[in-house]
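Single-structure report; data block below.
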Amino acid sequence: MVEKIALVNGSPKGEKSASRAILSLISQSLPEEQYALSYFSLKTPQVDSDIAEQILEHSILLIAFPLYVDGVPSHMLRWLMELERTSRAAEGEKPVVYALINCGFYEAEQNKVVLEILRNWCAKSNFRWGQGMAIGAGGVIGGLQHVPLGKWPLRRLGQAMGVMGESIRGTETAPDIFVSPDFPRIAYKLVAEFGWRRSIRRNGLKLRDLHRRVPWAQNLP
């Protein structure tokens, strides 16, 4: 029997997001002859109960979204609440949940709290928690989609997705995975700073303006 998997993108950036790229990468470990994949983009705060019901018709949920202030993006929180309500009102077996959370911080451990939030949400929604993957420096993934998964600088990410893929195929509960890029933190910092410099020049400003405070912030410590 073909297993139904819902790929749930909770990024407000939709198709142009790192979360979309991450879902595309993890789906490579799910053979088409064994799994029917359905994609859902939840990028607005307007909750649709029909879409929530469609998502819960799947036996496995792969949820991906970016970390916002060490937690769940506000629009995605509304969707999680709707999924919880729909699940608690429904009968029958509930999906197994796997989550892939990315953050702008280099350190994947920054996502630890939000994975705990999702585990608690699963318990309250009568879902079974499968596994979480915390991804550091997630913003670079969208620009590396041309790189084969498992090759530098996606070697570690490829290994981690191989492990999660095994958990998904066996619908197993497994320890969370924390993965940061292959390149060092200083390299990530330099690339990020280069991006800021390029953006400020494009807007007709100078590098020193990066340190300028807006009027209302002048008296802040």
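The values are calculated or read from the model by the stated rules, or taken from the named source; none is laboratory data. Quantities reported herein were computed from a predicted structural model and do not represent experimental measurements. Ligands, DNA and RNA are stripped out before the accessible areas are found, and what is left, the full protein with its side chains, is counted by its heavy atoms. Shrake-Rupley method; radii C 1.70, N 1.55, O 1.52, S 1.80 Å.
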Largest to smallest accessible area among 146, 58 [probe 1.4 Å]: 146, 58
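For a test of the definition: using alpha carbon positions, the gyration tensor, and the 1.5 limit on a/c, classify the range 21-128 as rounded, prolate or oblate. Could you put the intermediate results ahead of the total?
Values: a/c = 1.59, a/b = 1.16, b/c = 1.38.
Cα axes put the range 21-128 in the oblate bin.
According to the square roots a ≥ b ≥ c of the eigenvalues of the Cα gyration tensor, what is the shape class of the range 107-194, taking rounded for a/c under 1.5, prolate for a/b larger than b/c otherwise, and oblate for the remainder?
Working: a/c = 2.88, a/b = 1.64, b/c = 1.76.
Verdict is oblate for the range 107-194.
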Set of lysines with alpha-carbon distance to residue 206 below 29 Å, sequence-local pairs under 8 removed: 13, 16, 189
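For the chain, with every protein chain kept in place, what is the accessible area per residue (1.4 Å probe, Å²)?
On the way: 12360 Å² over 221 residues.
Computed with neighbouring chains in place, this is 56 Å² per residue.
For the chain, what class follows from the C-alpha gyration tensor (a ≥ b ≥ c being the square roots of its eigenvalues): rounded when a/c is under 1.5, otherwise prolate if a/b is larger than b/c, else oblate? List each step's numbers first, then the result.
Working: a/c = 2.19, a/b = 1.53, b/c = 1.43.
Cα axes put the chain in the prolate bin.
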With all protein chains modelled, accessible area of residue 13 [1.4 Å, Å²]: 140 Å²
Area accessible to solvent at residue 106, 1.4 Å probe radius, in Å²: 40 Å²
